[in-house]
Each structure stands twice: as C-alpha cells, then as structure tokens.
Amino acid sequence: MSSSKNVILVPGGTGLVGAAIDYVTQHEPVGSRYGKFAEDDQWVFLSSKDGDLRDLAQTMAIFEKYKPTHVIHLAALVGGLFKNMKYKLTFLRDNLLINDNVLWASKEHGVKKVISCLSTCVFPDKVSYPIDESHVHLGPPHSSNFGYAHGKRLVDVYNHAYNEEFGCNFTAAIPTNIFGPHDNYDLEDSHVIPGLVHKCYLAKKNGTPFTVSGSGTPLRQFIYSRDLAKLFIWQLKEYPEIDPIILSVGEEDEITIKQVAESIVKAVGFQGEVTWDSSKADGQYKKTASNSKLRKYLPDFQFTPFDVALQESVDWFVQNYDKART
Ligand code: NDP
C-alpha cells in the first residue's frame, strides 16, 4: 500500500452534497467501504470563494495548491426550472467551462480518479421507463433545461475521451432528486422538498394554510444526501467503470408529491389545513430510474427510510433557520 497521503478535492463542496460528504467522512469508520481511506486523508471542500472554476488559471492554481490525488467534482451552476428556462446559454456555458477546467486540471495533475456529478436531466425527454445508464445519449433532453442538460451530458463524453486518449480514470454519478441538511430552502428557486418544508414551516408559524402547488400525483425518487455521500465514497474507492452509474433508491421507492407533502406535515408538526393549487404546473409525471446497476455492485446497501431522513432534514432546517439558504 502506498504510504503517501490521499488528498481528496471536492470542488462545489459547500452545498447540499458536499456538506453530506463532509458529514459522512466524520461519522463512518475509517477504511470502511463508505468511510475515509485513512485517518490522515486530507478532504478539501471548496466553494466559489476559493476560485472561479469557469477560469482555467484559477482552477489550475487550486490544483497546484492542494495537489489532489482524488476529485469528487460537484461544482455546477444549478437552479430551479424558472432559472434554467431563462438562462439556457449561461447554464450551458458556465457548466461546460467548469467541467472542462476541472477535468483538464485533474489530467494535468495526474489525479488518480475523478467522480463528476451529473443529474437525471441528462436523459432524453422521450425515453422508455425505467431509465438506465445506457440511455444518456439516445435523444434530446427536455427543452426546458437543455443548456444545463447538455453541459452535464458532455461530462460522460469527456470521461471516455480522457480515458481513451490519456488512460484517465474519470467517471460520473447520476443521482435522482437529492434532499437533506444544507439544502437550498429558498421559497422561489428550490427543489420540491426544501421548498415545501420551508412553506410548511411558515404555515405553522403564521397559522395559515399549507398550500402545495400542482395536483400531487407526479412520482419521484428521492435520495437522502447522506446516503448519496456514502455512495460517492464507495464509487471513488471501488467502482471500476468509466460509464456513469445511477445513484438512487429503487423503482419501488418512488413516491407521489402528495405522500411527500403528508410526510412533511408530520415532520414539521403542522396541524392546520393543507390545500392544493392545481392551477400550478405539475412538471413531468414521472422519470423513473433503475438502480439495478447499483444493486449489482451493492446488493445490501441500506437506504435511510424516507420519513427518518426527512425528519433529520426538517430538524436541521428548524435549528439552522437563520443560516440556511432561504
Ligand atoms: P449546491 O448549489 O448546493 O452547490 C453548488 C456548489 O458549486 C457550491 O459549492 C458552489 O459554490 C459551487 N459553484 C458554483 N459555481 C461555481 C464556480 N463558478 N466556481 C466554483 N464553484 C462553483 O449544489 P448541490 O450540492 O445541490 O449539487 C451538487 C451537484 O449535484 C451539482 O453538480 C448538481 O448539478 C448535482 N445534482 C444536484 C441535485 C439536487 O437535487 N440538488 C440532483 C442531481 C444532481 P458557492 O456556494 O460558493 O456558490
């Protein structure tokens, strides 16, 4: 075994997923499948304040400073549907620049392995269900966020090109909807769970009805950020492929937005009236993804039960209301 220490750089490491990886490295046993490599690992969680990864010189300076042996690349321009629809070129260009620079710097610095983070948005709009890893390039993504989707999709192309031309061990993860502590709880521009948690919290505080947008019928798979963090570390240590892997709960764990809202009501302890605003758009009815590749590698991985994970996320939000992104 090499005696040199591992330096794991996590660009974009101050958000929802990065905070969960930080948590898991401190709580899982060292040397376990989901824990640090060794006690003396150096895990570096970067924010945009450490440098703008759209800029190659700043990116190279970060890699020169830390000399990483491994990279979990989470940095991205992310946003809700409205922002994605309005700023397609910005989402395309910023994400392409960030990905191009991080992967080039990783190659130039001889990084042993890179895991980049994609999203289920990369999949074609018209696709057969359940979605699996072989579908990534089989048709155009949904028109609402094609800038973001293509920016992410090309990471898979880069990974294969880096591997074939330079022998690099670069791969990617495709998580489904993520939630957990340190999420973005903004009321206007957030994902469904943190947005509804914040709304329900305010309804309880103000004694007003809790209004949920849409019909409640769409189905989604949700992964707890701390489960995802364990899977990222496993992937960094053991996953042997260049092709991406979907990191998700199973198809049987898909739940309706109505069930999500009911669980939130319970977790927040809200006792008022729940109303549905069916004038608001529902989005895609479902985007069921298969986790059978993950199950082939990790048949026994235990996902945290949804209600337990949700309670932990709500408790974090309530305790950190002043410093949470709202
Ligand atoms: P967050 O928005 O919480 O975090 C994004 C991170 O990227 C932050 O650390 C941010 O830094 C950094 N960043 C953004 N732009 C730049 C830049 N130009 N230079 C340097 N750093 C930058 O995202 P999440 O934790 O939610 O997402 C992490 C990854 O997971 C992303 O790649 C995202 O696409 C992917 N993903 C997320 C899903 C979700 O449900 N949240 C679902 C599927 C995939 P700062 O805070 O300083 O701006």
- Item | Members of 5/65; 88/152; 83/287; 266/287; 5/67; 86/286 lying beyond 18 Å, as alpha-carbon distances in this model show | 83/287; 266/287; 86/286
- Among beta bridges that DSSP assigns inside the stretch 142-290, antiparallel share in %, nearest 5: 15 percent
- In percent, how large is the relative contact order of the chain, given Cα pairs closer than 8 Å and 6 or more residues apart? 19 percent
- Item | Loop sites in the stretch 59-119: trypsin sites (Lys or Arg not before Pro), DSSP, at most 16 other Cβ within 10 Å | 112
- Note on the structure: Long-range amide H partners of residue 325, meaning residues 5 or more apart or on another chain whose placed amide H is closer than 5 Å, are 185
- Ranked by how many other beta carbons lie within 10 Å on average, peptides 161-168, 250-257, 224-231 from highest: 224-231, 250-257, 161-168
- Determine the distance separating the Cα centre of the stretch 85-117 from the Cα centre of the stretch 285-316; give it in Å without decimals. 27 Å
- What one gets for the chain as the Kirkwood radius, inverse of mean 1/r over different Cα pairs in Å, is 20.4 Å
- Item | Modelled label reach - residue 256, point 7 Å along Cα→Cβ, the stretch 301-326 residues with backbone N closer than 20 Å | 306-307
- Item | Only Lys, Arg (+1) and Asp, Glu (-1) charged, at Cβ; the stretch 133-221 dipole about Cα centre in debye | 520 debye
- Task: Grab the Cα-Cα distance for residue 186 and residue 279, subtract it from 0.36 nm times how many residues apart they are, and report the gain in nm with one decimal.
- Result: 31.4 nm
- Note on the structure: Per the 1/(1 + (r/R0)^6) rule, R0 = 22 Å and r from the Cβ atoms of residue 322 and residue 23, FRET efficiency to 0.05 is 0.65
- Note the full-extension length gain between residue 39 and residue 157 as 0.36 nm times their separation in residues minus their Cα-Cα distance, in nm to one decimal. 39.0 nm
- Message: So for the stretch 226-293, averaging the separation of alpha carbon pairs under 8 Å that are six or more residues apart and normalising by length, what relative contact order in percent results?
- Response: 54 percent
- Mean separation of Cα contacts under 8 Å (at least 6 apart) over the residue count of the stretch 1-100, i.e. the relative contact order in percent, is 36 percent
- Item | Normalised convex hull volume, the stretch 20-147, alpha-carbon set, Å³ per residue | 146 Å³
- Item | Net +/- balance of residues flanking residue 185 in space, Cβ distance below 10 Å, scoring K and R +1, D and E -1 | 0
- Message: Explain nothing, just compute: Karplus ³J(HN,Hα) = 6.51 cos²θ - 1.76 cosθ + 1.60, θ = phi - 60°, for every residue of the stretch 188-202 in order, whole Hz, x for Gly and Pro.
- Response: 9, 10, 9, 7, 4, 5, x, x, 6, 4, 4, 4, 5, 4, 5
- Item | Gyration tensor (alpha-carbon) shape descriptor, the stretch 1-91, a/c threshold 1.5 | oblate
- Message: Ranking request for peptides 136-143, 196-203: highest mean number of other beta-carbon atoms within 10 Å first, then the rest in descending order.
- Response: 196-203, 136-143
- Query: So what's the back-of-envelope 222 nm ellipticity for the chain, counting only DSSP H runs of four-plus at -39500 (n - 2.57) apiece and dividing by all residues, rounded to 500?
  - Reply: -13000 deg cm²/dmol
- Task: Just check the stretch 38-112 against the gyration tensor rule for me: Cα atoms, a ≥ b ≥ c as the square roots of the eigenvalues, rounded for a/c under 1.5, and otherwise prolate or oblate depending on whether a/b exceeds b/c.
- Result: prolate
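FYI, it's all coordinate maths here, none of it is from the lab. As the structure is a prediction and not an experimental result, all values here were calculated from the model. Glycine also receives a Cβ, built like all others from the backbone with ideal geometry; neighbour counts cover every protein chain displayed.
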